[in-house]
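These notes concern the structure reproduced below.
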Amino acid sequence: MSTFPDNFVWGTATAAYQVEGAWNEDGRGPSIWDTFSHTPGLVANGDTGDVACDHYHRLEEDLDLLAELRVGAYRFSISWPRVQPGGSGPVNAAGLDFYQRLVDGLLSRGIAPVATLYHWDLPQELEDAGGWPNRDTAQRFAEYARIMGEALGDRVRTWITLNEPWCSAYLGYASGVHAPARTEPAAALAAVHHLNLGHGLAVQALRSTAAKDAQMSVTLNLHHIRGVSEADADAVRRTDALANRAFLGPMLEGAYPADLLADTAGVTDWSFVRDGDTAIANQPLDVLGVNYYNPTLVRHWDGKGPKETADGHQDGAASPWIACDSVEFVRQPGPYTEMGWNIDETGLTELLLRLHRDYPGLPVMITENGAAFPDPVSPDGRVHDSDRVDYLHRHLTAVGEAIAQGVDVRGYFVWSLMDNFEWAHGYAKRFGIVRVDRETMERTWKDSAFWYRDVVTSGKLPVG
Ligand code: PNW
């Protein structure tokens with residue numbers, strides 16, 4: 001039985017575009033995800049975030065739901081175009097008011113707000129000006145961070161600048177399966193840099209506006225990468241540089257890894273990195289946010305025969321893996337979730353141990369972990385999602401194992417509080433511990449929600 005530290009933070013997570021809806025109400029401006037989802041053929045079933053979970057109109061009900069779950073913290077994201085419709089210039093008071101009510105509603109229920117500034121919904125006007133490959137976007141992001149620090153800095157004690165810049169850069173600008181659907185590898189690497197720079201500038205803006213004791217963080221979807229055999233060491237090194245050290249390097253060490261620059265030299269000369277940029281990206285952080293779903297398995301590819309692309313991108317289609325032509329992504333043994341992602345919690349323990357070794361003294365929190373399953377409603381009206389309970393149990397055991405081995409893990413957030421808009425997959429993939437009926441918007445606790453409430457209230461995992 002795993003027992004967690006007394007001050008361990010238990011939470012659930014969502015993101016603005018995935019739950020809020022109200023896409024064109026109260027002065028909200030359009031984001032790149034509105035444009036993406038309104039473009040026929042890009043999202044499964046033609047789904048959009050126009051209504052999503054209608055969270056914008058059901059705030060009180062959802063706050064009560066969180067209170068009934070007994071979570072100590074809630075990780076949400078702020079919609080930049082709701083606050084600053086054009087991504088720069090005037091603030092939309094009605095948009096800001098929504099987040100004031102959200103934060104106040106959490107605090108009045110004894111739930112700690114964990115605010116993510118950017119979970120992928122870039123104001124469309126900024127994309128029209130070049131998006132993340134454009135340096136100015138980093139400056140605009142810092143300005144927006146200052147606005148939020150001034151508005152909520154007295155009440156929000158944990159700030160996350162970016163969610164998964166890996167997805168923003170590589171899925172948005174290289175493979176194009178996320179907004180803004182561009183397939184330009186050089187631009188994707190420029191986006192990597194301006195996300196790193198924007199992160200650093202945003203931390204500076206928050207430090208000067210938020211409470212002195214506020215915790216600064218960033219959430220990375222670090223890949224735990226394994227090679228099939230020792231002959232695949234270069235494939236591991238190469239993918240680790242692109243996926244992990246491209247962010248860990250500047251943010252935590254103040255420099256890009258030399259091997260990343262060498263690997264990608266044929267794609268870009270990195271001339272967009274100016275003197276002093278990586279020092280700005282390298283702001284002291286109080287805690288590192290880690291999202292974990294599954295490990296990655298790679299093998300050296302000799303160029304012969306069909307290539308495995310088990311990371312989800314189609315062979316022949318644009319790849320998020322820039323300068324990784326020599327790498328094959330190998331299908332891993334099951335079982336799998338509804339996303340086709342394999343279930344293997346050992347990668348989480350190993351990833352946490354690596355971070356502890358490479359960045360001793362930097363606490364970690366798991367800002368997302370969870371699984372999509374079909375979740376049929378049973379004749380008894382309930383959702384018996386024992387596969388999700390098993391997934392969460394395994395991964396929490398893996399977190400407990402890392403803690404036992406000395407890793408300073410401060411908290412854990414289930415992805416997600418409720419079924420929501422799963423990006424290019426639309427509503428077909430359900431990650432919630434609470435079910436959302438797409439017709440009525442009714443919220444129904446799945447078995448995993450009851451299970452999680454018990455874990456949260458007891459601070460330990462049930463036996464078996
Ligand atoms: C994360 N990939 O997204 C996000 O932070 C959430 O918004 C999302 O709902 C959740 O994980 C589940 O997918 C990812 O293709 C999306 O590797 C795609 C990938 C990874 C993470």
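At-a-glance table
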| read-out | value |
| --- | --- |
| Heavy atoms of His38: accessible area, 1.4 Å probe, square angstrom to 10 | 80 |
| Average projected area [Cα convex hull, segment 243-310], square nanometres | 6.7 |
| Cα point-scatterer Debye curve for segment 382-441, base-10 log of I(q)/I(0) at q = 0.17, 0.23 Å⁻¹ | -0.70, -0.97 |
| Two-site label geometry, Asn7 and Ala310: point separation in nm, points 7 Å out along Cα→Cβ | 4.1 |
| Globularity index of the chain, i.e. its alpha-carbon radius of gyration over 2.2 N^0.38 Å | 0.91 |
| Per-residue [θ]222 nm for the chain (sum of -39500 (n - 2.57) over DSSP H runs n ≥ 4, rounded to 500) | -9500 deg cm²/dmol |
| Of all accessible heavy-atom area on segment 363-464, the percent that carbon and sulfur account for (1.4 Å) | 50 |
| Length-normalised contact order for the chain - Cα pairs under 8 Å, 6+ apart - percent | 18 |
| Sulfur and carbon atoms: percent of accessible area, segment 94-189 [1.4 Å] | 48 |
| Mean Cβ neighbour count within 10 Å, used as a protection proxy, ranking 94-106, 420-432 highest first | 420-432, 94-106 |
| Net charge contributed by nearby residues that have their C-beta within less than 10 Å of Val19 (K/R +1, D/E -1) | -3 |
| Whole-angstrom gap from segment 1-55 to segment 184-259, using each part's C-alpha centre | 23 |
| Contact order relative to length of segment 344-427, as percent, for alpha carbon pairs under 8 angstrom and 6 or more apart | 43 |
| Burial order of peptide ranges 140-146, 335-341 (average beta-carbon count within 10 Å, highest first) | 140-146, 335-341 |
| Gain upon complete extension [Gln100, Ser208; 0.36 nm per residue less C-alpha separation] | 36.9 nm |
| Solvent-accessible area per residue, Å², over the chain with all protein chains present [probe radius 1.4 Å] | 36 |
| Shape of segment 126-258, Cα gyration tensor, a/c cut at 1.5 | oblate |
| Stretch gain in nm, segment Val228-Arg70, where the contour uses 0.36 nm per residue and the Cα spacing is subtracted | 52.7 nm |
| Net dipole in debye of segment 226-323 [+1 Lys, Arg Cβ; -1 Asp, Glu Cβ; about Cα centre; nearest 20] | 180 |
| FRET efficiency, Glu25 to Ser378 (Cβ-Cβ, R0 41 Å, nearest 0.05) | 0.70 |
| The chain, dipole about Cα centre (Lys/Arg Cβ +1, Asp/Glu Cβ -1), debye to the nearest 20 | 720 |
| Highest average packing first - 375-386, 51-62, 263-274, Cβ atoms within 10 Å | 51-62, 263-274, 375-386 |
| Potential extension, Thr183-Asp136 segment - 0.36 nm per residue separation minus Cα distance | 14.9 nm |
| 10 °C / 1.306 mPa s Stokes-Einstein diffusion coefficient of segment 287-439, Kirkwood radius on C-alpha pairs, µm²/s | 91 |
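The values are calculated or read from the model by the stated rules, or taken from the named source; none is laboratory data. If you're wondering where the values come from, they're calculated on a predicted model, not measured in any experiment. Cβ coordinates were reconstructed from backbone atoms using ideal geometry, including for glycine residues, and neighbour counts include every protein chain displayed. All accessible areas refer to the heavy atoms of the entire protein, side chains included, with ligands and DNA or RNA removed. Shrake-Rupley method; radii C 1.70, N 1.55, O 1.52, S 1.80 Å.
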